[in-house]
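**Q** Have a look at the structure that comes next, please.
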């Protein structure tokens, strides 16, 4: 048996390797092409058919804006009346819930991030898992556990005080704060990890009490992280459907819950138009918030 | 009491108290209630009553086993397809030479996901419907004479899941390929390794953390999917998430729904443990 030497080049193996390489190169071009097509085609088709003259989504017959004007005029399909008012109300509900939940979640998330970074106390790894779990468990589990929890709690309150509570804004806000705390904590902790703790100690050495040192030194430094966390929480809150669906009450539907009601029915050009509008709005919203974050990051 | 408060303040645990209380009340306690409910009997209106029973777990692994199996199978298949599609995609993005091209390529993956999940899923109803775009196209090309049944199938759910979670696979892999030093490949080739060998021995092991994270990030939400099978699956594509949802309606059964979610949580926990174990082994090996 001959020992393969690097000088003795095996022609066959070389040819095989060249073939593999060519195949790899072709694959490396074809795969992304297909992937990008796959990612974009559904969205482009949705937008395209929101401008289609006929109600069909099988072929494009001509350009029209009538589905958009239909929405503005409260018309939805031939048979059903659609209320722009209800949709705008759902959007207002989303903004209201998102704002309150973001404020509470940002405070609670920042507090726990500070405690975890600076505090010395037992059970930290347990708290780590407690913060990690809401991020990983499926939404539907969190949704039904909160739905059951509120039901049990409200039954309990009814027997004790005789007053019956119902799900509404308070239950949605509690649910949103609960899933948002972890996300805020993760973002703020990342910022705190980058920060030099000696700066705080220096402030202390210069005579600042911990309160003053926090507001004058630590807080300004972690502020970009806090803002990023808050923006993330707000986005997640506006976007959430599953958990809101299970914790909302009559008249407190958020925009995703309202839109779900439409999408569940049939494919209509008006729904395509609403979807297109929502897509443009959410893209703008996230784009603006990311641009703001970028500016904050470069300043901070 | 005052001195205890002072030590709490000094060691920072006072800061953690409000958040921990919130999470214990609104996260841990609800999960404990679900666990307790899952062992209780069904009362009128689907509520939980005494006595304790194992019936719901029995049914989960008996009549509903096929749906549990389908959920895990679809999630596993989704993960595999996302890996096959996502790995070369991540590779493509991170090997673009010009920074701006790389950023655009990355942006093109992320941008569709700024749209609400419901709407992205709904878009597939337009494409897959009986009078949808794909059937319309195939009919007009004369490739088929009858519309294909695409919507309300397991295939539709699979497509929807892959579509929904592909970036969760591509982005962590991108992050690890980005850090990969391509000189290692040159070194391996100088030492006589062919391309396949260099890939299997060098590239794949070094990008494995991204692969593992991607698999966990795709598999876990796929197992618990509710929106995708609800909008695309119909009766044939029912998954465990839909089954849980059904237990909370008018003719529902909350204890059964609770048992189903506990089983789903168990599947998620097992896959998380597999992820953590694999990650640790990988970190130990390299």
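Where a number appears in this text, it was derived from the coordinates with a stated rule and is not lab data. Bear in mind that the values here come from a model prediction, so they are computed numbers and not experimental data. Cβ sites come from the backbone with ideal geometry, for glycine too, and all protein chains shown count toward neighbours.
**Q** Have a look at the protein assembly as shown and give its Rg and Dmax from the Cα atoms, expressed in angstrom.
**A** Rg and Dmax of the protein assembly as shown, Cα atoms, are 26.7, 92 Å.
**Q** Further, regarding this structure: Tell me, B:254, B:169 in order of fewest to most beta-carbon neighbours within 10 Å?
**A** Listing B:254, B:169 from fewest to most nearby Cβ atoms yields B:254, B:169.
**Q** Continuing with the same structure: Using a simple spin-label model with points 7 Å from Cα along the Cα→Cβ vector, what separation in nm is obtained for residue A:59 and residue A:132?
**A** Here the modelled spin labels are 5.6 nm apart.
**Q** Also: What are the principal axis extents of the Cα atoms in the stretch A:81-299, in Å, biggest first?
**A** Rounded to whole Å, the extents work out to 69, 48, 27 Å.
**Q** Across peptide A:258-267, what mean number of C-beta atoms from other chains lies inside 10 Å of a residue's C-beta?
**A** Mean partner shielding for this stretch: 4.
**Q** I'd like the mean, over residues of A:121-131, of how many other protein chain beta carbons sit within 10 Å of each residue's own Cβ.
**A** Average neighbour count from other chains, rounded to a whole number: 3.
**Q** I've got another one for you. How many angstrom separate the Cα center of the stretch B:127-169 from the Cα center of the stretch B:28-50?
**A** Cα centroid to Cα centroid, the span is 40 Å.
**Q** Now a separate question. What number, in percent, do you get for the relative contact order of chain A if the mean sequence gap of Cα pairs under 8 Å and at least 6 apart is divided by its residue count?
**A** The value is 27 percent.
**Q** Using only DSSP helix segments of four residues or longer, with each worth -39500 (n - 2.57), what per-residue ellipticity at 222 nm results for chain A after dividing by its residue count and rounding to 500?
**A** That calculation yields -25500 deg cm²/dmol at 222 nm.
**Q** A further question on this structure: Rounded, prolate or oblate: which fits the stretch B:164-286 when a ≥ b ≥ c are the square roots of the eigenvalues of the alpha-carbon gyration tensor, with rounded for a/c under 1.5 and prolate only if a/b beats b/c?
**A** Since a/c reaches 1.5 and a/b is larger than b/c, the shape of the stretch B:164-286 is classed as prolate.
**Q** Under a crude label model (7 Å from the Cα following the beta-carbon direction), how far is residue A:88 from residue A:163 in nanometres?
**A** Between residue A:88 and residue A:163, the label points sit 3.4 nm apart.
**Q** Shifting gears a bit: Let a ≥ b ≥ c be the square roots of the eigenvalues of the Cα gyration tensor of the stretch B:63-285; is it rounded (a/c under 1.5), or, if not, prolate (a/b larger than b/c) or oblate?
**A** Because a/c hits 1.5 or more and a/b fails to exceed b/c, the stretch B:63-285 counts as oblate.
**Q** Sort A:48-61, B:143-156, A:167-180 for me by packing, meaning the mean count of neighbouring Cβ atoms within 10 Å per residue, highest on top.
**A** A:167-180, A:48-61, B:143-156
**Q** Separation between the residue B:182 and residue B:63 pseudo-spin-labels, each 7 Å from Cα along Cα→Cβ, expressed in nm?
**A** Rounded to a tenth, the inter-label distance reads 5.9 nm.
**Q** Also, quick follow-up: Any chance you could check the Cα centroid distance between the stretch B:262-286 and the stretch A:138-183 for me, in angstrom?
**A** After rounding, the separation between the Cα centres reads 30 Å.
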